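Trainee: Take this structure first; my questions come after.
The values are calculated or read from the model by the stated rules, or taken from the named source; none is laboratory data. Every value quoted in this text rests on a predicted model; they were computed, and no experiment measured them. As a convention, Cβ positions derive from the backbone with ideal geometry for all residues, glycine included, and neighbour counts pool all protein chains shown. These accessible areas exclude ligands, DNA and RNA; they are computed on the full protein's heavy atoms, side chains included. Shrake-Rupley method; radii C 1.70, N 1.55, O 1.52, S 1.80 Å.
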Amino acid sequence: MKFLTSFALSICFSILFALPSAFGHLKSEPFEFQFEGKTLRGLTERSSHRTSSAIVILIPGSGKTNFVEGRWFSDLRRNLVSAGLTVCLWDKMGCGGSDGVFNEQQPVSNSADEAIAAIQEIKRLKISGHEKIGLWGLSRGGWICPLINEQFPIDFWISVSGTDDKENFGYLLKSNLLIEGKTEQEAETFYQAWQLGHQRYCEGASYEDFLAAILPLTEDSLCRKLFGYSKITDVTEEGRRRFEQERQSYTHKGHLDKESGLWVYIDDFDSVLRKLRCPVLALFGENDSQVDWRKTKQLYERTIGQTANSALTIKTFQDCNHSMQKCVSCGFQEDLSALRWRACDGYYAAMKQWLKEHNIVR
């Protein structure tokens, strides 16, 4: 049984399965740097016939990456390069050509430290555009990018499907159950079961008490299909051992907010956001079934939007999911191959226009 499947999905399914693109006039070079004794490997990409005005670092969401071999985000990369930027990306530890072992529970603060190590190498190598460095962050990247800014004041930030101050799995669970046909009452019942289980999980309750709390989720076929719950048949010592290991990995990187029953990864996230002193573009899909984009929008407006020397621009896109793709049901497991993984109308154009308006590119 995967006891932590539902929790490890937090800010997840954010991979963009990009279609092959014509990378004309693009110069791609290997990029690597050292972090915690491991070599992380990726690429820098820029135009072969114009000087880059700035560098944008791609900060992905949760889960493994395959940027280099899989050519993930290829259309995004091509559009950012055509706008006049150098794009920098690398695969997470244990992914692609990067050394080490992938850690699903990597703390967001550690991911920020990882990016700082990459920035230091960019500066050392004086990669084209290094005088001005910004971030493009997806989903979980909405926590990481402001933390990077605390150590290295960035020149711009493009936040895509960004997060508010708390974890999002409860929203993901409830919204996707509704998409799949559950009633409001049914979805709320399952949400309450998840929340009770989450609370017991975080507060050190016994394995048996945790299983009792999430029993409705394990007995429902749709919850098992969507979120990886397993039907409980017995309680084993091996299961209890794995449960304790996964709980320790999960709970070392934040705390439980008693009022909401949700997990907090960054203390006083409002103050972290208010430290931004650069233009910020926040992009949201209005049919995001993974992150409650309306809460994030409100958070940005009351923090970044009220901060001197920062400029906040927010744009939303209809019929658009968490990964900024056109969608029909917009559930996180929807097969978008029939739609050819088409980006939301105006998504790339909005970034290019904003980059010009704020003199980030020439």
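Trainee: What is the one condition in (1) farther than 26 Å from ASN79 by Cα; (2) assigned to a loop (DSSP other than H, G, I, E, B) that GLN298 does not satisfy?
Mentor: The one condition GLN298 does not meet is (2).
Trainee: Quick check: is even one residue across segment 40-58 buried (at least 16 other Cβ atoms within 10 Å of the Cβ), modelled with pLDDT of 90 or more, among the hydroxyl-bearing types (Ser, Thr, Tyr) and under 22 Å from the mean Cα position of the chain (by Cα)? Please lay out each step first, then the result.
Mentor: Here is the first cut: in segment 40-58, the ones buried (at least 16 other Cβ atoms within 10 Å of the Cβ) are 40-47, 52-58.
Narrowing the set further to residues that are modelled with pLDDT of 90 or more leaves 40-47, 52-58.
Those still in the list that are among the hydroxyl-bearing types (Ser, Thr, Tyr) too: 44, 47, 52-53.
Subset that is under 22 Å from the mean Cα position of the chain (by Cα): 44.
Yes: segment 40-58 contains one or more residues that are buried (at least 16 other Cβ atoms within 10 Å of the Cβ), modelled with pLDDT of 90 or more, among the hydroxyl-bearing types (Ser, Thr, Tyr) and under 22 Å from the mean Cα position of the chain (by Cα).
Trainee: Filter segment 120-158 down to the residues that are out of contact with any His (no Cβ under 9 Å at 6 or more places or on another chain), among the β-branched types (Val, Ile, Thr) and not in a loop (DSSP other than H, G, I, E, B) and list them by number.
Mentor: Selection gives ILE133, ILE144, ILE148, ILE158.
Trainee: Out of segment 197-249, which residues are free of Cβ contacts under 8 Å to residues at least 12 places away in the same chain and polar (S, T, N, Q)?
Mentor: Across segment 197-249, the qualifying residues are SER206, SER221, THR233, THR236, GLN245, GLN248.
Trainee: Please tell me if TYR229 is buried (at least 16 other Cβ atoms within 10 Å of the Cβ) and modelled with pLDDT under 95.
Mentor: Working: buried (at least 16 other Cβ atoms within 10 Å of the Cβ): yes; modelled with pLDDT under 95: yes.
Answer is yes for this residue.
Trainee: Looking at PHE243, PHE190, which one is surrounded by 18 or more Cβ atoms within 10 Å (Cβ to Cβ), modelled with pLDDT under 95 and part of a helix (DSSP H, G or I)?
Mentor: Working: PHE190 fails: modelled with pLDDT under 95.
Checking each option against the conditions leaves just PHE243.
Trainee: One residue is enough: does segment 92-108 have a residue meeting the conditions surrounded by fewer than 23 Cβ atoms within 10 Å (Cβ to Cβ) and touching a Cys at 6+ places or on another chain (Cβ under 7 Å)?
Mentor: yes
Trainee: If you scan segment 305-362, which residues turn out to be open to solvent by 20 Å² or more (accessible area, probe 1.4 Å) and of a type in the set (Gly, Ala, Ser)?
Mentor: The answer is GLY305, ALA308, SER310, ALA311, SER329, SER337, ALA338, ALA343, GLY346, ALA349.
Trainee: Would you please list the contacts, defined by Cβ atoms under 9 Å and residues six or more apart or on different chains, that run from a residue in segment 274-290 that is within 12 Å of THR303 (Cα to Cα) to a residue that is acidic (Asp, Glu)?
Mentor: LYS275/GLU150
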